[in-house]
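Read-outs: derived from the displayed coordinates by stated rules, not from any lab. This structure is a prediction, so every number in the text was calculated from the model and none was measured. Cβ sites come from the backbone with ideal geometry, for glycine too, and all protein chains shown count toward neighbours.
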Amino acid sequence: MVTKDIIEQCIDNSRLAQENLYKSCAPYAYAIVKNYISDTHFRKDALQEVFAELFKSLRSFDENRGSFKSWLSSMTVHTCINLQRKQLKIHDGLTVDDMVDIAVSPTAELSEKELERAHLILKDMPQGYKTIFLLNQVEEYSHEKIARLLDIKPETSRSQLNRAKYWIKKNVRSLHLL
């Protein structure tokens, strides 16, 4: 558990506090990263980027606006999306659908066991569907916000969400997870 004291020590650049925060939060953050980043080699870089951003932005954490775990989750999701955008710029001609591979975005209420089950349900879903489904249904982003985030039209977001829901209905029974 991350305490206010640990956060303050991290802000003061205590290496021991930063190490403790990393050790306690890395498994949770990695569960999010692995669901947003398909390339296993790139996941470690993404996790490193998440914690670099976390330590840089720690002063902006406000416990009155939510839990640290929720803040970390949101920061991890945004960092992964930003990394995917950078990848898109590197790979000319590829679309967001080609690059984004999301299995599930955990929220503060999900246990690791629930995350693994959700990962199994969505791991084979087409990439574009997963992106929209998770941002809309799990992160509760509006189609307008998703459109701005992914540089697509709101109508594209709505269409991908409908396709994702259809895919889930069609495929979840075959996964024997119900």
- Label-to-label distance, nm, for residues given as His78 and Arg158 (7 Å Cα→Cβ offset): 2.7 nm
- Note on the structure: Quick calc: nm separation of the 7 Å Cα→Cβ label points for Lys169 and Gln127 -> 2.7 nm
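Treat the range 1-40 as a sphere of radius equal to its Kirkwood radius over Cα pairs and apply Stokes-Einstein at 37 °C in a medium of 0.692 mPa s; give the translational diffusion coefficient in µm²/s, rounded to a whole number. Walk me through the numbers on the way to the answer.
Working: Rh = 11.0 Å.
Answer from the Stokes-Einstein relation: 297 µm²/s.
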